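Report on one structure; see the data block that follows.
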Amino acid sequence: MIDFLFPPAEPVTLPIRGASARLPVRRILCVGQNYAAHAREMGGDPERRPPFFFSKPADALVPLGGQVPYPSETRDLHHEVELVVALGHGGTDVTPDEARSMIAGWAVGVDLTRRDIQAQAKKDGRPWDAAKGFDFSAPIGEVVLKRDLPEAHGAIRLSVNGETRQAGDLSDMIWSPFEVVAQASRLWRLMPGDLIFTGTPEGVGPLVRGDEVRAEIDGLPALSFTVV
């Protein structure tokens, strides 16, 4: 029996649609600028350069949304709706076809970003950790278990207080989710329980306290939360 100095943290898990079992989460990887219009929106190049990644801690997840606290040290909190891949198998240096067999399911997620901190980090050539990996920065909906995409060409959208802010289609991705998983496997040893946020369409924008957010992707349970 292991003797701990203090009790270890509870494991982070996600609800699965139609199942009593839960998905244990190991870590979160995120892809930047994977939709051409959003890449241009953020001053980037939408050509098919290899996708780049950043990370969030697993405990940044907010399962099923609900209430999400406005973070400290920012005056410019932004929303980014994303398709999330949940891995059920691991692998290294896999092909996109092999990546398909690693996927356990999918969910709707929102990458919350301290945009002012990110902008300053970019200007200074510093990491984005404080801009992306803060507490409660990853609201996420129920996981749907299936290997294939919920829809080959599914709508992805986000509204704030009933007003549409982001609207795109999964087919607009520069890199497909399977290509994203394959590229990530060249950089990390992927394992069951890894989540990958696959990028956001154009229309990212600010949130304030009291905003009611709804994120949707065709074929997946919607995600709703209120900024408090």
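The values are calculated or read from the model by the stated rules, or taken from the named source; none is laboratory data. Remember, predicted model here, so these are calculated numbers, not experimental data. Cβ coordinates were reconstructed from backbone atoms using ideal geometry, including for glycine residues, and neighbour counts include every protein chain displayed. Quick note on the areas: whole protein, heavy atoms, side chains included, nothing else; ligands and nucleic acids left out. Shrake-Rupley method; radii C 1.70, N 1.55, O 1.52, S 1.80 Å.
Going through (1) in contact (Cβ under 8 Å) with a residue 12 or more places away in the chain; (2) in a helix (DSSP H, G or I) one by one, Ala121 falls short only on (1).
Taking the criterion of being under 30 Å from Gly203 (Cα atoms), modelled with pLDDT of 95 or more and acidic (Asp, Glu), would at least one residue in the range 42-56 satisfy it?
Let us first name the residues in the range 42-56 that are under 30 Å from Gly203 (Cα atoms), namely 42-56.
This time we only want the ones that are modelled with pLDDT of 95 or more, so: 53-56.
Checking the rest, the ones that are also acidic (Asp, Glu) come to none.
Taking every residue of the range 42-56 in turn, none turns out to be under 30 Å from Gly203 (Cα atoms), modelled with pLDDT of 95 or more and acidic (Asp, Glu).
In the range 89-118, what residues are assigned to a helix (DSSP H, G or I) and either at positive phi or not aliphatic (A, V, I, L, M) (or both)? Listed by number, the residues that qualify are Pro96, Asp97, Glu98, Arg100, Ser101, Arg115, Asp116, Gln118. Each residue in the range 194-206 was checked for being farther than 11 Å from Leu83 by Cα and surrounded by 20 or more Cβ atoms within 10 Å (Cβ to Cβ), and 1 of them qualify. Only a single item in (1) of a type outside the set (A, V, I, L, M, F, W, C); (2) under 24 Å from His78 (Cβ atoms); (3) buried (at least 17 other Cβ atoms within 10 Å of the Cβ) is not met by Gly105, and it is number (2). Scanning the range 126-173 for residues that are within 21 Å of Glu202 (Cα to Cα), β-branched (Val, Ile, Thr) and open to solvent by less than 20 Å² (accessible area, probe 1.4 Å) gives Ile140, Ile156, Val160. On inspection, Ala58 fails the criterion of being buried (at least 19 other Cβ atoms within 10 Å of the Cβ) and over 15 Å from Ser137 (Cβ atoms).
If you take the residues in the range 68-85 that are under 15 Å from Ala222 (Cβ atoms) and of a type outside the set (A, V, I, L, M), which one is surrounded by the most Cβ atoms within 10 Å (Cβ to Cβ)? Filtering first and then ranking leaves Glu82. Residue count for the range 174-183 under the criterion of being open to solvent by less than 10 Å² (accessible area, probe 1.4 Å), under 16 Å from the mean Cα position of the chain (by Cα), closer than 15 Å to Arg48 by Cα and hydrophobic (A, V, I, L, M, F, W, C): the result is 1. Here Gly65 meets each of (1) farther than 22 Å from Trp188 by Cα; (2) surrounded by fewer than 19 Cβ atoms within 10 Å (Cβ to Cβ) with one exception, condition (2).
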